[in-house]
Amino acid sequence: MEYICLTCQQIVESRKDLCTHLQQFFASLQGQKIWRIRFLHRYAYEFYSDLQIKDLISEQPLMVSEVMCVEEFDPRTYTGVNTMGKSVSIFE
């Protein structure tokens with residue numbers, strides 16, 4: 001899977017390749033909700049905070065091909081709790 005940093009547009013393929021922007025973004029979401037989205041007609045996944053998603057949705061409907069949301073995000077392990085109550089990685 002490929003992921004894109006919305007700040008610098010760098011493509012990363014794993015959590016080992018994270019740019020400083022994504023590292024800081026993830027750190028800022030400690031204990032919060034994080035969204036991983038693949039928009040329709042885009043290949044790379046994008047990461048958003050809950051506030052960013054609310055702003056996007058208020059502007060227009062989102063055309064997505066895949067969405068994952070986790071709560072209680074831990075930036076040290078890149079994991080959170082999904083809607084089924086399981087601990088999952090945002091990179092899987």
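The values are calculated or read from the model by the stated rules, or taken from the named source; none is laboratory data. Since this is a predicted model, take the numbers as computed values, not measurements. Cβ coordinates were reconstructed from backbone atoms using ideal geometry, including for glycine residues, and neighbour counts include every protein chain displayed. Side chains included, ligands, DNA and RNA excluded: accessible areas come from the protein's heavy atoms. Shrake-Rupley method; radii C 1.70, N 1.55, O 1.52, S 1.80 Å.
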Qualifying residue in the stretch 58-69 (condition: out of contact with any Lys or Arg (no Cβ under 9 Å at 6 or more places or on another chain) and in a strand (DSSP E or B)): no
Pairs where the first residue, in the stretch 71-92, is touching a residue at least 40 places away in the same chain (Cβ under 8 Å) and the second is in a strand (DSSP E or B) and open to solvent by 60 Å² or more (accessible area, probe 1.4 Å), C-beta under 9 Å, 6+ apart: E72/S87; D74/S87; G80/E71; G80/E72; G80/S87
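Please state which one of Y48, Y78 is within 18 Å of M1 (Cβ to Cβ), in contact with a helix residue (DSSP H, G or I) (Cβ under 6 Å, 6 or more places away or on another chain) and surrounded by 15 or more Cβ atoms within 10 Å (Cβ to Cβ). Break it down into steps so the answer makes sense when it comes.
Values: Y48 fails: in contact with a helix residue (DSSP H, G or I) (Cβ under 6 Å, 6 or more places away or on another chain).
Sole residue among the options that is within 18 Å of M1 (Cβ to Cβ), in contact with a helix residue (DSSP H, G or I) (Cβ under 6 Å, 6 or more places away or on another chain) and surrounded by 15 or more Cβ atoms within 10 Å (Cβ to Cβ): Y78.
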Residues being open to solvent by 80 Å² or more (accessible area, probe 1.4 Å) and touching a Pro at 6+ places or on another chain (Cβ under 9 Å) - total across the stretch 19-30: 2
One residue from K33, K54, K16 being open to solvent by 30 Å² or more (accessible area, probe 1.4 Å), within 20 Å of V88 (Cα to Cα) and modelled with pLDDT under 95: K16
Complete set of residues in the stretch 36-51 that are in a strand (DSSP E or B) and either out of contact with any Lys or Arg (no Cβ under 9 Å at 6 or more places or on another chain) or at pLDDT below 95 (or both): R36, I37, R38, F39
